Amino acid sequence: MKAFYAEEQKRHDPKAFLSSGAAQPNPEKPERVEILLAGALSAGCTIERPGNHGLGPVSAVHTPEYLDFLEHIYTRWQRIEGASAEVIPNIHPIARNGSYPASAVGQAGYHMADTACPISGETWQSALWSAWSAVEAAEAVISGAPAAYALCRPPGHHAFADVAGGFCFINNSAVAAQVLRRTASRVAILDVDLHHGNGTQGIFYARPDVLTVSLHADPVRFYPFFWGHADERGEGPGLGYNFNLPLPRKSADAAFLEALEVAFQRIRAFSPDALVVALGLDAFEGDPFGGLSVTTPGFSRIGEAIAKLGLPAVIVQEGGYLCDELGDNLTAFLTGFGGKTR
Ligand SMILES: [Zn+2]
């Protein structure tokens, strides 16, 4: 299977985030890249550099106001006397029906959901190349590859059309789905990350052409808290085109695979022409987030099960944090999916 990645994606190096109010080292580290690259190579992938695809595929799912913010906020932030080295919000509108602020501090609060997505001078370029890796993987599938892997880092599934959050800036899975829509009349996104894909859900919530399905730790006591519940089904023309499968904390392989079968039933009923797999590996039992208990052989079975849907697939890297097995878990998923034979 072809895999896509650009060196620029490693430059974004966020320093900290707040967890239960306490400053902690940010776990979305550039070191993830080397481990995931090794994992993809072990699965038999060939690594290619994506091309520069410009802003078109990104602005297809994000507002121009937000993209302008992402590109320029770091420079504006540096002009504030005494400001932090990275852009980190400290005030948020409780609803989005107020005025759009002119100030950098106000806009940071408007466009950033939490403290987990600090913006440095490198963030914009890293996020863009990450999105272009997703674009290139989608193009490969459009050109006839049965599957392609996008090593997207920074990840994307917590980014809404105009809001960053949870280590995410540009929603790579949404970008890939929108590119696939050029030739596919219906696209399904299956998100198996530990956390609910709230940004992806938000982007397609009112659309019937992209089905969004997410398996994740129950958000009743877990990030992202406000989204990911079973009663969120879409709205307007998109009602019935969003499907959440929250799992009890520490659910292991059997429960995950059982929920996956329920997800497949919904995906088959939608009869999509193509699939995006939002592949988080943080559902792993040894992941620092510790929310679910999927094992390394479990990821292989998950990959195998998804491949049986028989759909052209773009596999987009989402979460999965530093632990000894991170690379093995990617190898397990891709090998299960058919990495050696495709
Ligand atoms: Zn996650």
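Can you give the calculated 222 nm mean residue ellipticity of the chain, where each DSSP H run of n ≥ 4 adds -39,500 (n - 2.57) and the sum is split over every residue, rounded to the nearest 500 deg cm²/dmol?
Rounded to the nearest 500, it is -10500 deg cm²/dmol.
What list of ³J(HN,Hα) values in whole Hz, one per residue of the range 322-333 in order, does the Karplus curve 6.51 cos²θ - 1.76 cosθ + 1.60 (θ = phi - 60°) give from phi, with Gly and Pro shown as x? Whole-Hz 3J(HN,Hα) from phi for the range 322-333: 4, 7, 4, 9, 3, x, 4, 5, 5, 4, 4, 4. Scoring 173-183, 128-138, 144-154, 204-214 by mean Cβ neighbours within 10 Å over their residues and listing the highest first yields 128-138, 173-183, 144-154, 204-214. Mind pulling the angle between the C-alpha long axis of helix 123-142 and the longest principal axis of the chain? Nearest 10 degrees, somewhere in 0 to 90. Taking the Cα atoms of the chain, the angle to 123-142 is about 30 degrees.
Working note: Karplus 6.51/-1.76/1.60 with θ = phi - 60° gives the range 109-116 the couplings x, 6, 9, 10, 6, 7, 8, 8 Hz, where Gly and Pro are set to x. Our estimate of slack between R76 and A60, defined as 0.36 nm per intervening residue step minus the Cα-Cα distance, is 3.2 nm. Centroid-to-centroid, using Cα positions, the range 288-303 and the range 11-71 are 22 Å apart.
Modelled spin-label separation between A206 and A252, with each label point placed 7 Å from Cα along the Cα-to-Cβ direction: 4.5 nm. Listed by chain and number, the lysines whose alpha-carbon sits under 17 Å from that of K308, ignoring those within fewer than 8 places in the same chain, are K340. If R0 equals 45 Å, the separation of the Cβ atoms of L18 and E261 corresponds to a calculated FRET efficiency of about 0.75.
For the range 228-313, what class follows from the C-alpha gyration tensor (a ≥ b ≥ c being the square roots of its eigenvalues): rounded when a/c is under 1.5, otherwise prolate if a/b is larger than b/c, else oblate?
On the way: a/c = 2.23, a/b = 1.36, b/c = 1.64.
It comes out oblate by the Cα gyration axes.
Its residues counted as N, the chain yields a C-alpha radius of gyration over 2.2 N^0.38 Å of 0.91. Check which residues have an amide H placed less than 5 Å from E48's amide H, if you skip close sequence neighbours. Distant-sequence amide H within range of E48: A3, F4, Y5.
Between the Cα long axis of helix 31-42 and the first principal axis of the chain there is an angle of about 20°, rounded to the nearest 10. Taking the DSSP bridge list for the chain and keeping only pairs wholly inside it, about 15 percent are antiparallel. Within a straight-line Cα-Cα reach of under 18 Å, K15 can be paired with the following aspartates and glutamates, leaving aside sequence neighbours fewer than 8 residues apart in one chain: E28, E31, E86, D114, E122.
Here, each number is a calculation from the coordinates, and none is a lab measurement. Being a predicted model, the structure only gives us computed values, none of them experimental. So basically every Cβ, Gly included, is an ideal-geometry build from the backbone, and we count neighbours across all protein chains shown.
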